[in-house]
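Notes for the one structure printed next.
The values are calculated or read from the model by the stated rules, or taken from the named source; none is laboratory data. Here the structure is a predicted model, which is why all the values come from computation and not from measurement. So basically every Cβ, Gly included, is an ideal-geometry build from the backbone, and we count neighbours across all protein chains shown. Quick note on the areas: whole protein, heavy atoms, side chains included, nothing else; ligands and nucleic acids left out. Shrake-Rupley method; radii C 1.70, N 1.55, O 1.52, S 1.80 Å.
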Amino acid sequence: MILWLASYPKSGNTWVRTILAQILYSNFDSEKVIETSKKIRLYPSKKDFLELDEDFKLSIYPPEKKKVILDKTISNWDISQNKINLNNEINIFKTHNMLCKIPLKDKEYAFTNIKNTIGVIHVVRDPRNVITSLINHFSFESEEQAINFLTNENQTIGLEENSIPQILSSWSNHFMSWKKFPKNNHLIRYEDLIQNPKIEIERLFEFLKNFFKVTITKDDINKIILNSSFENLKKLETKGLFDENAISKKTGNIKNFFNLGKENNWKKLVQTKTSDQIEKYFQNEMKVLGYI
């Protein structure tokens, strides 16, 4: 069965993954925190699809193949997850895919189901703060471009990088999709993790005990907080120990992944008209989450 670490992009998935990995693998070495987190890999990845269709073996997706790759990814979600679950273990993956059902050729395909999935750790972040992270990561030239990304109900990522595509849809659709997963649904708000890391780590630990034999002490929690701090992760990135950086579309240079941390405050960085637009678009979901 699969336990998902699911989030919309730039919402804290990587941060929570470092915390999660330390709990699961009892490795509290500050220099190894990123290396340990890689044990929780991304799904969907090429590794999961290479043997399912020859098109997935292409190193570059030509324009005429991109829709084909997307459709074949969708139609192989269930098959690839069935294959993963042959090991009869709890398999944990990070994903940015929404929990969707897509109709193709008179058949409907679900991203996952209760046959393959045992639960989800759902990480969410105030979309007004997601804006600045999206601009940095995707080399957007304006807040308007980032808003278009957030509100696009057909948004996908991955195809441009010749990777297995992930379907995002809009921020609101993404949040509501995972919110509706019917069992073992553990929500983490990025903001709560910043304000009360000890409490959120303890909550996560209690959730994980349902699936894994894990133990942590108060001292372990303190180490996790330090090891997964923005300062430590930024230091490790500077040392070249992080390899999930985006490439600037303007310069071709590697962009900082750990960019602003706690300094990413929409009240200081985002134009008022942009935050107003976001609140208008996502009013209902932001109220549910207590953001407005």
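So that you can scan it fast, the table gives a plain yes or no per residue for (1) more than 26 Å from V288 (Cα to Cα); (2) not in a helix (DSSP H, G or I):
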site: E161; (1), (2): yes, yes
site: I164; (1), (2): yes, yes
site: N173; (1), (2): no, no
site: K213; (1), (2): yes, yes
site: I224; (1), (2): yes, no
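Any chance you could count how many residues in the stretch 194-210 are modelled with pLDDT under 95 and in contact with a strand residue (DSSP E or B) (Cβ under 7 Å, 6 or more places away or on another chain)?
0
Where in the stretch 1-67 are the helices (runs of 4 or more DSSP H), entirely inside, with at least 3 residues that are open to solvent by less than 10 Å² (accessible area, probe 1.4 Å) and among the hydrophobic types (A, V, I, L, M, F, W, C)? Can you show your working first?
Working: elements: 13-25, 33-37, 46-49.
Those helices (runs of 4 or more DSSP H) span 13-25.
Given (1) out of contact with any Leu (no Cβ under 8 Å at 6 or more places or on another chain); (2) farther than 20 Å from M1 by Cα; (3) open to solvent by 10 Å² or more (accessible area, probe 1.4 Å), where does I164 come up short, assuming only one miss?
So the condition that I164 fails would be (3).
Per-residue answers, yes or no, for (1) among the aromatic types (F, W, Y); (2) assigned to a helix (DSSP H, G or I); (3) in contact with a Gly (Cβ under 9 Å, 6 or more places away or on another chain); (4) closer than 29 Å to I278 by Cα:
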position: S80; (1), (2), (3), (4): no, yes, no, no
position: K83; (1), (2), (3), (4): no, yes, no, no
position: L86; (1), (2), (3), (4): no, yes, no, no
position: E89; (1), (2), (3), (4): no, no, no, no
position: V120; (1), (2), (3), (4): no, no, no, yes
position: F140; (1), (2), (3), (4): yes, no, no, yes
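So which residues in the stretch 12-27 are among the aromatic types (F, W, Y) and under 13 Å from the mean Cα position of the chain (by Cα)?
Once the filter is applied, which keeps residues that are among the aromatic types (F, W, Y) and under 13 Å from the mean Cα position of the chain (by Cα), the stretch 12-27 yields only W15.
Starting from the stretch 274-292, take each residue that is farther than 14 Å from M176 by Cβ and in contact (Cβ under 8 Å) with a residue 40 or more places away in the chain and list its partners that are outside any helix (DSSP H, G or I) and open to solvent by 50 Å² or more (accessible area, probe 1.4 Å), counting only C-beta distances under 6 angstrom and pairs at least six apart or across chains.
E279/I292
Given K179, K105, K183, which one is farther than 27 Å from P63 by Cα, open to solvent by 20 Å² or more (accessible area, probe 1.4 Å) and modelled with pLDDT under 95? Can you show your working first?
Details: K179 fails: modelled with pLDDT under 95; K105 fails: farther than 27 Å from P63 by Cα.
Just a single option satisfies the conditions, and that option is K183.
Do we find that S169 is of a type in the set (S, T, N, Q) and buried (at least 19 other Cβ atoms within 10 Å of the Cβ) in this structure?
Working: of a type in the set (S, T, N, Q): yes; buried (at least 19 other Cβ atoms within 10 Å of the Cβ): yes.
Yes; evaluated as a whole, the condition is true for this residue.
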